[in-house]
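Structure record follows, encoded as structure tokens.
The values are calculated or read from the model by the stated rules, or taken from the named source; none is laboratory data. From a predicted model like this one, the values you see are computed outputs, not experimental measurements. Counting neighbours? That spans all protein chains shown, and the Cβs are built from the backbone with ideal geometry, glycine included.
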Amino acid sequence: MPTPIRTHEDTSERRGQGTPVRLAALSLGVVYFVLGVAGFFVPGNAGSTSAGPFGTHQPQYTFLIFSVSPLMNVLHTLVGVLGLLAARKVTGTAIYTLALAIGFAGFNAYSILVLTVGTGDRINLNWADVILHLVTMAGAALLSYAAFRVLRARRAGPVES
């Protein structure tokens, strides 16, 4: 069976495929990168408490309505940088958003447990953080689904009439 020859029309038609999911991943990366970097500039958030940078809950350290701590800032910045890198290709976006949805599901379980049971808040969480992470988890799951659909459509190739 001969290999089909791809024409310029085929590749240019497929080139734009996946752009909305890539832009959404890029937006997610920018939001988390800005949130993470901005958290480092909150006055007094350098871990100067007696317990060190990963001590107990410090409600006075917030950026907008979100609690910040050195660990949360590093995690948010890392999530942001990975989002910026993953947005370069649909494959990266699919993997990034799937990992993000799974990771934030676990982190939300921990966050809700800490805030309801009071098992010791080492990350400086509040309910605004939980809502942000729940929305991110749901959005990442939807983006992952959409990105994998784009990849499957690409693999299937053009439909012949």
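On the stretch given as the stretch 22-36, residues that are modelled with pLDDT under 90 and among the β-branched types (Val, Ile, Thr) total 0. One residue stands out in the stretch 64-112 among those that are out of contact with any helix residue (DSSP H, G or I) (no Cβ under 7 Å at 6 or more places or on another chain) and not in a helix (DSSP H, G or I): the one that is modelled with the lowest pLDDT, namely Leu64.
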